[in-house]
Amino acid sequence: MNDNCAMADAAVDMLLHHRITQFLYREARLLDAERWGEWLALMAEDIHYWMPMPENRRRADRMKAYEAGRGALFDDGLLDLHRRVARFKQPSAWAEDPPTRHAHVVSGVEAFHAEAAGEYVVHSTFVNYRSRGERDNDFLVGRREDLLRAHANEFRLARRTIFITQSVFLAKNLNTFL
Amino acid sequence: MNGRKGIDPQTSCREDVALESLMDLDKGRMSRLVFQHPGLYERELERIFARCWLFVAHESQIPKAGDYVTTYMGQDNVIIVRQKDGGIKGFLNSCPHRGNKVCFADAGNARQFICNYHGWSFAIDGRLKGMHASEAFDSTGFDFEGHGLHPVARIDSYRGLVFATLDDRAPDLADYLGDMRYYLDAVFDMDDEGTEFVGGCVKSVIRCNWKLAAENFVGDALHAGWTHDSGARAMVGEGVDDLHKSPERSYQVNFNGHGWEFNQDIIGNCASLGDKELVKYLYAMQPRVAERLDDFRSRMIGSISSCTIFPNTSFLAGQNTFRTWHPRGPQEIELHVWTFVNKSAPPEIKERWRKGSMLTFSPSGVFEMDDGENWEYATRTNDGYVTRRQDLYIGLGRHTRVHDTSLPGNVYQGQVNEANQRAFYQRWLDLMGAAVWSDVPRRDVPTEAAV
C-alpha cells in the first residue's frame, strides 16, 4: 500500500473528493443491483483488478502477506472481468437463481493527486455482505487502493487492489466484485 | 440396505451404524448417512486420515534446508520441513509440553521452531534443543530425548508430490499409489524436470462433506456439461462437449479408490482457460510426451479429465489446479488449492497458468463457484431426519468394465460413468471396516510392469 498518510498537501479539494466519493458509491450501488454491464463500463481499458489472498508469514520473512504473483481471487484485466460478468449473466448460472442479495458498503474515502495529471489515488474501506437462499450470509471486510482516471465528466477505474483480512476465505465462493 | 428405501430406520446419530448397511454398490445404491453421521466421521479420522498416505507438500515448495509448510493430515496440523541432508520430515504442529501450536506461519524458512508458551525450541529435525528456564528442567532429571516434536510415521514422494502417513503399518507409498503411478506420469513426468507449484496456496471453506468433493473429482465427468455450462460459455463462448456421446475415446480408471476420468483430446481442460498460448504449449509438448511415455498418456496431458488420489487430494490436468479437501467435521471442509506447472515451461506460460487456474478454479473461479453451491446443498439436505434415510443412486455405467486391455488398473469405457465413484466408496468401506492395515482387503495389486 502507498503511504499517503503524510501527504495532506496532495489531497484533492473538497469538490473533487465529493465527486470521487459519489463515483465509488454509485459503483457500489451498481454492484448491489447486479447491473454488471454498467459496472464494466466504469473500468479503464488497462484496468488491473487484483485481490491477493493473504498468507500468514513471519515478520522477518521477505515474503509478505500480500505478494504479486501468488494466489489471488482476482488478478484480472478487462477481458477477465468481462468473462466473469458473462458467467453471471448466463441463464445456466444455476447458482445465481434465485439471485444473491448484496450490500456493498464503502467508507473511509481518502483521495490524493497521483503523479500523472488527472489521476487520483483513492483509499477506501469496505464491507461486503451477501445473502443467498435462507441462511447463507457471508461477509468480507477490507481495504482498497484505487487509481482513478478522469474521463469525460466522470472517472474510470484504472487499478484496484483489494486487501481482505481472511487468510482462509470463509465462504464457498465469491460471486461479486468488491 | 434393502432396495430403494432400505436403510435401517433404527439408525440414528447416537447409534453405531452398520457399515454393510451403507452401500449396495453392485445395485448402484448408497446411504446419505456417510455424509452426515458424526460417528462415521470420527471413524474416518481414525481409519482413513490417521492411516492413509496423504498429500502434504510439493517438493518445489520447500527447496532449501529449513524451508517448511504447515498443512493438515485430517484435522491434525503438521509441519513439513526440508532437512539439511535434503530429506523431508513431518511433525505434528503441537508442543509436547502443554500442546500449543509451535508454528503459526503457512510457510517460510526456519532454523528452529519455538513454542510461544514456555519457549520450548525444536530443531528442524524435531529434536528438543532447549527452553526458557531450562535449569529448572535440568535439576529435575528431564528427558530431553523423549520430548521432540511428534513425527509423522512415514514420509515419501512420487514425482515431486510429497505424501505422509501417520500409521507405521501402512503399505509403501509405491504400493499405495500402485497403478495410478502409470497415469500420474502423464501429468507429473512430462519431461526430466517434472512439475512445480507456482504462487501460494488459496484456502477456503466449503460447508460440505469431504467425500462429495473427492467423489466429484474421482469420476464425475457427468456434472461438467450441466453444472459448468455457464462457466464454459463465459470462458470459450460455448457449452461443454457432450462427453457421453463419444465414450469410445474416453475412460475411467481406478486403483484402490484412486481414480481418473479422462478422454483423449489432449487439450480439452486446458482450452477452458480461454488462453490459446497454453493450448499451443500443450500441443507442442504432446509428441515429446508420446516419445517419453506413450501415445495414450500423451493424450491425457491436458484433456477433459479429473483425478482424485484417495482419500482427499485431487487435480485437473490442463487447468493445472491441485487441491486437498481437508475434513472439518462431517459437514465442512477446508480447501487448499495450488497451481502446478511444468518446471521447464517458460516463465510467461507459468504465469498464464497461475492466472488461468485462479480465474476458473478458486472461490471466485467461474467453474468452482458452482461446485461449492452443489456440494453444500448435497450435504445440508441430509439434516432432514427423513431425508437422510432416503438412499442415493450411484449406478451409472455398470457393465462398462473393459477386461481386454493392456492399461493398468481397473479400466472402464466412457468417462461419463460412476465406476470410479463406486470404487472410491468401496475403498472407503474397506478401510472403515478394517481395524488394522493387514485387514484391509487387497483388491487391487500393482502391475509392476506398468510403471
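Two tests apply to each whole DSSP H helix in chain B, Cα reach of 30 Å or more along its axis and mean Kyte-Doolittle hydropathy of at least -0.5, and none passes both. Each label was represented as a point 7 Å from its Cα along the Cα-to-Cβ direction; for B:THR381 and B:LYS343 these points are 4.6 nm apart.
Taking every C-alpha pair closer than 8 Å and separated by at least 6 residues, the mean separation divided by the residue count of chain A gives a relative contact order of 24 percent. Across chain B, Cα pairs under 8 Å and at least six residues apart give a relative contact order of 20 percent. Listing B:TYR283, B:TYR158, B:TYR385 from fewest to most neighbouring C-beta atoms within 10 Å gives B:TYR385, B:TYR283, B:TYR158. The stretch A:64-130 and the stretch A:135-164 have Cα centres separated by 5 Å. FRET efficiency for the B:SER438 to B:HIS223 pair, using the beta carbon distance and R₀ = 25 Å, is estimated at 0.10. Cut-off is 10 Å between beta-carbons; in what order do B:VAL34, A:VAL121 appear when sorted fewest neighbours first? Arranged by neighbour count, lowest to highest, B:VAL34, A:VAL121 become A:VAL121, B:VAL34. Going by neighbour counts of Cβ atoms within 10 Å, the residues B:TYR72, B:TYR281 line up, fewest first, as B:TYR72, B:TYR281.
If a/c stays under 1.5 just call it rounded; otherwise compare a/b with b/c (prolate if a/b is bigger, oblate if not). Do that for the stretch B:54-156, with a ≥ b ≥ c from the square roots of the Cα gyration tensor eigenvalues. List each step's numbers first, then the result.
Values: a/c = 2.02, a/b = 1.80, b/c = 1.12.
It comes out prolate by the Cα gyration axes.
Where in the stretch A:13-118 are there trypsin sites (Lys or Arg not before Pro) that are in a DSSP coil and have at most 14 other Cβ atoms within 10 angstrom of their Cβ?
Details: sites: A:ARG19, A:ARG26, A:ARG29, A:ARG35, A:ARG57, A:ARG58, A:ARG59, A:ARG62, A:LYS64, A:ARG70, A:ARG83, A:ARG84, A:ARG87, A:LYS89, A:ARG101; in loops: A:ARG35, A:ARG57, A:ARG58, A:ARG59, A:ARG62, A:LYS64, A:ARG70.
Passing both the DSSP loop test and the Cβ count: A:ARG35, A:ARG58, A:ARG59, A:ARG62, A:LYS64.
Measuring between alpha carbons in the structure, the pairs from B:LYS129/B:LYS355; B:LYS84/B:LYS211; B:LYS27/B:LYS245; B:LYS84/B:LYS343; B:LYS89/B:LYS350; A:LYS89/B:LYS27 lying more than 32 angstrom apart are B:LYS129/B:LYS355; B:LYS84/B:LYS211; A:LYS89/B:LYS27.
Can you compute the FRET efficiency between B:ALA133 and B:ASP85 using 1/(1 + (r/R0)^6), with r the Cβ-Cβ distance and R0 = 35 Å? Round to the nearest 0.05. Walk me through the numbers before you get to the answer.
Details: r = 32 Å, r/R0 = 0.92.
The formula returns an efficiency of 0.60 here.
When both the stretch B:183-250 and the stretch B:91-167 are represented by their alpha-carbon centers, they are found 37 Å apart. Can you classify chain B as rounded, prolate or oblate using the Cα gyration tensor, where a ≥ b ≥ c are the square roots of its eigenvalues, rounded means a/c under 1.5, and otherwise it's prolate if a/b beats b/c and oblate if not? Oblate is the answer for chain B, as a/c is 1.5 or above yet b/c matches or exceeds a/b. The label point for B:ALA174 and the one for B:GLU332, both projected 7 Å from the Cα toward the Cβ, are 4.1 nm apart. Given R0 = 30 Å, the distance between the Cβ atoms of A:ALA41 and A:TYR129 translates into a calculated FRET efficiency of 0.75.
Since every read-out is calculated from the coordinates, none of them should be taken as a lab result. All values reported here derive from a predicted model rather than from experimental measurement. Cβ: placed from backbone, ideal geometry, glycine included. Neighbour counts: every protein chain shown.
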